[in-house]
Every structure is written in C-alpha cells, then in structure tokens.
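Worksheet: the structure to be examined is printed underneath.
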Amino acid sequence: MSDSEPAAESAPAASPVRRGIAKVLAGIAPEADLTTVPPEANLRQELDLDSVDFQNFLSGLAKALGREIPADVAGDLTTIAACERFFEKPA
Amino acid sequence: MSEFRMPSLGADMEAGTLVAWQKAPGDRLAKGDTIAAVDTDKGVIDVEVFHPGILEELLVAEGTRVPVGTPLARIRDISSTATPPPSQPAPEEPAPDETTPPVGAGLQPAHPPSHASRIRHSIAAAMARSNREIPHYFLWTTIDLAPAVRWLAALNAERPIDHRILPGVLLLKATALALGEFPEFSAVWENDRLAIRRPAHVGQAIALRGGGLVVAALHDTASLSLDDLMVRLRDLTGRARTGRLKSGELSDSTITVTSLGDRGVEAVLGVIYPPQVALVGFGRIAERPWVSDGRVEARPLVTASLAADHRASDGHRGGLLLEAIDQLLQKPEDL
C-alpha cells in the first residue's frame, strides 16, 4: 500500500437515500453512472429523464424509502441532494 | 392449421431475430398469448398470437434471423382439435403482410450491426420514405392550458405520488376524443387506399435511451380514463426504455402523438410515420404571455401542431381538429 496518495477519498459509504436513488434509477436509466453526477446537478437534465421517467422515479423512490411525497414538494426533488434533504428529514 | 410468421412491426421492418420461444409444441395458445420474443430494430418485442390454437411445430431455431413473413411455427386451429383432419384448409389468418419480404432482406450476416445503429437505420428508412412519399402540410395553434393545469394541480394535490396524473395524459385524451369527430386523421394507407381506423389507437412517440424512438400504441385511447391512460403511459414508457413492448403495441397505432412535456422546445412539427396520415405534436408546456380581456397575463401555454398527409385530408379539417382539441382542454373535468 502506498502512502503517497490519500486513498482517493472515495465516495463515502452511500446513504440509504442514495442507495434508494441508485436502485430506482437502475430500472429507469440503466446506463446512468450516479457516481459521476454531482449532488446538486439536476437529475432530469443530467440523465435526460422526461416527465414520465421522473414520475416513475419519484414513485419508485417513495415506495423504496417508505415515504409519501407531497405534490408541492415533488417538483423540487430534482437533485440527489434535494432527495437526501427531504428523505433524511424526520417526517 | 395455420402458420405463425415473422410479423411486420412497422413499415420499416425487414427482418427479425427469433430470440426465444416462450411456448413449446403441444402448448395451448389463447388469443393475446406471447408465443415468442423477437429482436427487431426497435428492441426485443414479445410477439402475441391472434387466434387460439395448439402449438404444433417450431420451424425456426432460437437465434435465427429471418425476413418478415417467414413461417416460424405451425399452429393447429383450436376448433379443429377434437377431430384434426390433416388436410383441412388453413383457417383464416391475420393476413401476414400481403407484401412479400423485400428483395435483399435475406439472412443477415453473423455479426449484425449494433442495436443503436439498427434503430437509426430503421428510423432513417421510415422517415426518408415519409418525406419522399407524403405531401405534408403543417398547422399549429397556441392553447391556453390554465384551466387544465389548475384542475390537474387540485386533483394531484390529494393523491399519493403513484396516482398523480401528468398534463401529457390530458393532451393524449383530448386528441383521442377529438379524433372521434375527425376520423380521417386516424387512418393508414393500405394498397393506395385510405383505411380509416376506428377506434383510434393513439401511438405515443417515446424516445429511447441511447438514441432513437418508438411509437407505442395506446389501444382505444378515447375509452381509457385519465387514470388508466396514466398507468398505461408509465408502463409503455418503462417497457420501451428498459423492458419489452408487445408486437401489437408496435404495429397498431393509427396516429402518432409526440409530446415534449415540461422540457424541450416550444413547438414540434412532426414527420408522419408511414403508413399513418397524421401526427399531432405538443411542445413544452410553459408560462408565457397570453392576452385575455385586453390584459396580458402569464399563463401555462402549449403549442399544438398537426402534420398531416394532404392526400388524406385538407387544412380546413386539420384546423378544425386542432380547434376541437383546444376546446376539449378547456373543460378538463370532462376528459
């Protein structure tokens, strides 16, 4: 093991929310590599999700994480960070 | 006895690869059963049978690529199973494309081109044919979606995410209902004759990941509730992208709708998908200035367009079709 490079501060152990996002997106955009998507990047633009994909994404996420998404919040959950903030906040 | 043949899943399809048999000799087949998976330029498709019967014999091995129209299996007519007379005349078949396989569409090389390049090739063939043969005319109009968007927001506010409806579903339903009054836009060319198709099966254009698109049919669109339509649209989109479409979904559309939702450009003027005669396009739904009672207001608007075949219809009727769609969208509660 080399001590010259800090072991590439590789992505911190994925949070449950991030794992949920990855799992749901695997069924919608299988070719997407989430590790290359910045947390604040718009997922719809980044992964070219149309409105039906996005609906499938949020429905899948609500199911996977066991939490309903109110209508007035849904439109804002367009980034990994926004999803983490919403789902990690106590209900 | 009837022959089950490699189906044509669109005017542009020349050949397909039998990927897997999903029934075995001796199996009983009901109408609509999936008998085989076929790899086409549009992805792997589940092919359905149109008549009940007993699968008698498989004629083509898995992994074989054959031209459209090639017999793949023999099916014993179900009505003749009690006393199967060996020389009974073939029962009526779902006319396996009167068109003989195109010349040169023989067996393909062992290493076929990539899926993406085959989709590209297939779209290129259909669209080149469309522009060469169809005298298109184009109309468009701006529709005020404020009532529809407001009504939908109130409806969705009370629903869990899984049951919310997208505005595109209202556009599809309004188009399908308007076609009831203007059936000549739900039609296909059959041997140089215009065949009007009722009820309309609206085909939704779905972009594929990695490029290309498919037109997937929503059967008898006007009869579906908004909830059913939403469920079907999500299912079709999901399967078009990652799973499988069924043969009927690829071949049965009688008109195409392309809808850009809440992203993309303001308007789309389509290229008609042969042998259809019309395509309705909806641009991005976005707030823009609208004049009402002499005042300028910001309202959610959509530009609806019609690309139609001038051999089949005229601009006057086309304009009335767009107007009918507009009027239906002003009363979303009736959709």
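No lab work stands behind these numbers, since they all come straight from the coordinates. What you are looking at is a predicted structure, and each value in this text was computed from that prediction instead of being measured. In this analysis, Cβ positions are derived from the backbone assuming ideal geometry, glycine residues included, and neighbour counts consider all displayed protein chains.
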Problem - Relative exposure of B:D162, A:D76, judged by other C-beta atoms within 10 Å (fewest first) - result: A:D76, B:D162
Exercise for the section: Return the FRET efficiency for the residue pair B:A61, A:K23: r is the Cβ-Cβ distance, R0 is 35 Å, and the value is rounded to the nearest 0.05. Expected result: 0.40
Practice task
Could you count how many Lys pairs in chain B have their Cα atoms under 25 Å apart, skipping same-chain pairs fewer than 8 positions apart?
Solution key: 8
Handout entry: Centre separation in Å (Cα based) which lies between region B:195-236 and region A:23-71
Key = 23 Å
Exercise for the section: Taking the Cα centre of chain B as origin, sum charge times position over the Cβ atoms of Lys and Arg (+1) and Asp and Glu (-1), and report the length of that vector in debye to the nearest 20. Expected result: 780 debye
Fill in the blank from the handout: Measuring from the longest principal axis of the C-alpha atoms of chain B, the long axis of helix B:167-181 (C-alpha) lies at a number of degrees, nearest 10, equal to 80 degrees
Problem - Backbone N within region B:178-210 under 17 Å of label point (7 Å from B:D314 Cα along the Cβ vector) - result: B:182-185
Handout entry: Whether the protein assembly as shown is rounded, prolate or oblate, judged on the alpha carbon gyration tensor where a/c under 1.5 counts as rounded
Key = oblate
Exercise for the section: Please turn the phi angles of region B:51-58 into ³J(HN,Hα) values with the Karplus equation 6.51 cos²θ - 1.76 cosθ + 1.60 (θ = phi - 60°), one per residue in order, whole Hz, x for glycine and proline. Expected result: 10, x, x, 10, 5, 8, 8, 8
Handout entry: Distance (nanometres) between label positions extended 7 Å along Cα→Cβ at A:A14 and B:F138
Key = 4.3 nm
Problem - Other-chain or far-sequence residues with amide H under 5 Å of B:L218's (modelled H) - result: B:V202, B:G203, B:Q204
Practice task
Apply 1/(1 + (r/R0)^6) to the Cβ-Cβ distance of B:R159 and B:A116, taking R0 = 30 Å, and write down the FRET efficiency to the nearest 0.05.
Solution key: 0.20
Practice task
Find, to one decimal place in angstroms, the Kirkwood hydrodynamic radius of chain B, where the mean of 1/r is taken over every pair of different Cα atoms and then inverted.
Solution key: 21.5 Å
Exercise for the section: Distance between Cα centroids, region B:291-315 to region B:159-178: provide it in whole Å. Expected result: 19 Å
Exercise for the section: For B:R263 and B:E323, calculate 0.36 nm times their separation in residues minus their Cα-Cα distance, and state this gained length in nm to one decimal. Expected result: 19.2 nm
Fill in the blank from the handout: In whole Hz, the Karplus estimates of ³J(HN,Hα) for region B:226-231 (6.51, -1.76, 1.60; θ = phi - 60°; x where Gly or Pro) are 4, 5, 4, 5, 5, 4
